[in-house]
Amino acid sequence: MNIIFLGAPGAGKGTQAEIVSKTFGIPTISTGNIIRAAIKNGTEMGEKAKAFTEQGKLVPDEVVIGIIRERLAQPDCANGFILDGFPRTIPQAEALDSMGIAIDRVIDIDVPDDAIVARMSGRRVCKNCGASYHIEYKKPEKDGVCNDCGGELVTRADDEPQTVLERLRVYHKETEPLKDYYAKTGKLRTVKGQEKVEDTTALTLKAVED
């Protein structure tokens, strides 16, 4: 089964993608990870991507698409795959279609913006060991102190409300139109994100198999 996961940053699509990956025994393909792997392995497209990343530039669509094509041709994708983070735009979706790759399901993890801002701005990370906490859902035993190593818990720059809101703005402008794009194919399934991960997972697995 070939699956695409959509969802705003902070909606938890990565977690759900990994769970589905383990459940069905198919690889999760994250754009950032495969670009780094292509660069490390020195593939033709990896060398092209390296030229852009070394200049601090975004890797252009044609190179990203080339790297996706290389990755999907590998043997572990023969029985299916999960795309997490690609496509991000309508042109990328059209390029994927032009490869002749059939997509069976598109799963959209839907969480309201205000819930995402609350979820991400409440996250705290240990400066020493990187352990993650949340001021509501996973509180440390002592406020502001890591349970594991006693390090200071801080808010990452990526989790600051203004940063989260900007990422959401870009998502709504560039990526959200993909929901309509795939709804027209009849392959889109929307999963309402729940407070508990396991509740969202139950809905996600049902949507995949629907």
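Compute the accessible area per residue over the chain, keeping the other protein chains in place, probe 1.4 Å, unit Å². Don't skip to the end; give the middle numbers.
Working: 11560 Å² over 210 residues.
With the other protein chains kept in place, the chain gives 55 Å² per residue.
Computed from the C-beta positions of residue 199 and residue 118 and an R0 of 25 Å, the FRET efficiency is 0.90 to the nearest 0.05. What is the distance, in nm, between label points placed 7 Å from the Cα along the Cα-to-Cβ direction at residue 15 and at residue 170? Simple spin-label model gives 2.3 nm for this pair. Sorting 50, 142, 179 by solvent-accessible area of protein heavy atoms yields 142, 50, 179, largest first, with a 1.4 Å probe. Remark: accessible surface ordering of 167, 124, 36 (largest first) is 36, 167, 124, probe radius 1.4 Å.
Once all protein chains are placed together, residue 149 keeps about 70 Å² accessible to a 1.4 angstrom probe.
Among the GluC sites (Glu not before Pro) within region 60-169, which fall in a DSSP loop and have no more than 16 other Cβ atoms within 10 Å of their own Cβ? The partial results should precede the final answer.
On the way: sites: 62, 70, 94, 136, 141, 152, 166; in loops: 136, 141.
Answer in residue order: 136, 141.
For a modelled paramagnetic label at residue 131, 7 Å from Cα along Cα-to-Cβ, the residues of region 141-164 in reach, with backbone nitrogen under 15 Å, are 141-154. Compared with the dominant Cα axis of the chain, that is its longest principal axis, helix 161-170 is turned about 20°. Remark on residue 6: its backbone amide H falls under 5 Å from those of 107, 108, 109, a criterion applied only to residues 5 or more positions apart or on other chains, H modelled at 1.01 Å from N. Between residue 181 and residue 54, the modelled label-to-label distance comes to 3.1 nm, taking each label 7 Å out from Cα in the direction of the beta carbon. Would you work out what percent of the accessible area of region 124-171, with all protein chains in place, is carbon or sulfur (probe 1.4 Å)? Exposed carbon and sulfur together represent 46 percent of the surface. Taken one residue at a time, the phi angles of region 127-140 give Karplus couplings (6.51, -1.76, 1.60, θ = phi - 60°) of 5, 8, 10, x, 4, 10, 9, 9, 5, 10, 8, 8, 6, x Hz. Gly and Pro are set to x. Helix content alone sets the calculated 222 nm mean residue ellipticity of the chain: runs of n ≥ 4 DSSP H residues at -39500 (n - 2.57) each, divided across all residues, give -13000 deg cm²/dmol. With the simple model of a label 7 Å out from the Cα in the direction of the Cβ, residue 154 to residue 23 spans 3.7 nm. The C-alpha atoms of the chain define a longest principal axis, and helix 61-72 lies at about 90 degrees to it.
Computed on protein heavy atoms with a 1.4 Å probe, the accessible areas place 171, 137, 181 in the order 137, 181, 171, largest first. Taking Cα atoms only, the orientation of helix 44-53 departs from the longest principal axis of the chain by about 40 degrees. Other residues with beta-carbon under 15 Å from the beta-carbon of residue 135 carry, at +1 per Lys or Arg and -1 per Asp or Glu, a net charge of 0.
The values are calculated or read from the model by the stated rules, or taken from the named source; none is laboratory data. Owing to the predicted nature of the structure, the values given are computational and were not obtained by experimental measurement. Cβ atoms come from the backbone with ideal geometry, glycine included; neighbour counts cover every protein chain shown. In case anyone asks, the SASA skips ligands and DNA or RNA and just uses the protein heavy atoms, side chains included. Shrake-Rupley method; radii C 1.70, N 1.55, O 1.52, S 1.80 Å.
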